[in-house]
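First comes the structure, then the notes that go with it.
The values are calculated or read from the model by the stated rules, or taken from the named source; none is laboratory data. Remember, it's a predicted structure, so these values are computed and weren't measured experimentally. When we count neighbours, we look across all protein chains shown, and the Cβ atoms used for this are built from the backbone with ideal geometry, even at glycine. To get the accessible areas, we keep the full protein, side chains included, count just its heavy atoms, and leave off ligands, DNA and RNA. Shrake-Rupley method; radii C 1.70, N 1.55, O 1.52, S 1.80 Å.
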Amino acid sequence: MPNTHTSCRQRIRSPDTADLTRVPGLLRTQRLASSCRAHGTGVSRRKDSAATARALACVSPPYLPSLAFLSAFVFFLSPLLRAVCGGSMGVRRWRDAAAVLGLLHLFLFRLATSQSFVGVNYGTIADNLPPVASTASLLMSTSIGKLRLYEPHPDLVAALAGSNISILLGIPNGDVPNLASSAAAAASWAAANIPTTVPVSAISVGNELLNSGDPTLAPQLLPAMQNLLAALPAGSTTKALDYEMKQISTVHSMAVLSASDPPSSGAFHPDLAGSLDPVLDFLHQNGAPFMINPYPYFAYASDTRPETLAFCLFQPNPGRVDAGSGLTYTNMFDAQLDAIRAALDAKGYSDVDIVIAETGWPYKGDADEAGATVDNAKAYNSNLVAHLRSQVGTPRTPGKSVDTYIFALYDEDLKGGPESERSFGLYKTDLTANYDAGLAKETTLTPAPAQSTPQSQPSKGTTPTGFCETTAGMPGSTQGQQVQQSSSCYIPAGAVSWRADAGTWQLVWLAALLVLAMVAAT
């Protein structure tokens, strides 16, 4: 069975060459809201309940302590109100409010502690991989909550049973024609390969198929996705079908973009419209994410200036202004993510979420591969993990994180190409870490230092490469100088703290209004 991810990063070198994915608890919140509305009377109360549910669905972890305090405060205040008011109806409403707030706190605490934005890729182009039981133990010793497989791997899946690690299950490009051939073939594949012992977050049909170099595959992509969707048991309650398996997608390389510099100009290649547009509509119709593989490393490889390295490693830098939107970007990952967001929005698919199926940084490379060092790999991946966990989002979509799969769990020693292709592993096959990426459980992350590389540095005055892997000039070029900040400037430093404080007070007011509304309704 062919493995189609061997050249995924090589194709990203092309010059023509990124929203929080659906939180499983959101559907449960909507169902809870519907249940609450069933007990209400009157149109206005039903509308209020729905609005409250929508607002509370957006509550993030920093607000939970305030919510717990408020529910306890309201509960213990009720006896005093009984004495003062001399009645029981209003007090009962207060106790009801306290109970609602307490239950809401427990629900949100569960949701917050179960959220994980960080996954890892498991490549198999190697002859020295550890036993699957050892790999499962390694994963369970980390904070990694998601695992991407490029093809079915039943032994590893079985070893992960009970771990609560979800699977992004891949289908190799070579299997796509068979799935496209008939619904029966897709049903047979689903029955044989979809796990029933672990959660399956999504199925990806093919990897970078539209840029694979095989023109016969593109017309078969959508039929394969449609057949697979039809083959899945509707309304299944098995653990594997946690999303009722509507999450069927495919993974793209950055080469599907014709423009990405600046991010607001993001657009898909017109030449791919015939194959890509129907796939985008399929994702829109079925609530599935758009999956893509951005690599800031290759943007740095084409412009090895120190300020570009800092921009790619999430480290302090003057920022780069997007002249089209007025937003300022302080890291390449956000710029790439927003370029893809802009491309989706331009097509009318603002509701389609994004999943980063691959991203990473090599810790070793050939002599001419600037930046491929342990220090830089540690800086990129550890700062990426911290950035995702902060939920600060991007300039275009603030306050939202995105499911991201780091490439890769292990090195793949049988890959061809430059040394860097065999040096993306977070761990050695003896299960020791190549470096600390901040993935150990209960880890507090601090920014890792950048390592400047003197190799192949362009002369001063050279315009840096754009936000993503493009050859166009980058507007707002810093040239090592401070960029004038715009009114829409995006400054991650301190953003979490002020948003958390503001959100906490908003939640306090929301809960207070909820309690007052219940009292007034008596």
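Asp214 label point, 7 Å along Cα→Cβ, cut-off 12 Å on backbone N: hits in region 139-172? Once the point is set 7 Å along Cα→Cβ of Asp214, 172 turn out to lie under 12 Å by backbone N, inside region 139-172. Measuring between alpha carbons in the structure, the pairs from Lys400/Lys428; Lys146/Lys428; Lys364/Lys441; Lys146/Lys364; Lys146/Lys415 lying more than 22 angstrom apart are Lys400/Lys428; Lys364/Lys441; Lys146/Lys364; Lys146/Lys415. Taking amide H as placed 1.01 Å from N in the peptide plane, Leu327 has its amide H under 5 Å from the amide H of Asp322, each at least 5 places away in sequence or on another chain. Near the amide H of Ser258, within less than 5 Å, lie the amide hydrogens of Ala267, Phe268, His269, all on another chain or at least 5 residues away, with H placed in the peptide plane.
When peptides 261-271, 167-177, 128-138 are sorted by average Cβ neighbour count within 10 Å, with the highest value leading, the order is 167-177, 261-271, 128-138.
For region 258-324, with all protein chains in place and a probe radius of 1.4 Å, 53% of the accessible heavy-atom surface sits on carbon or sulfur.
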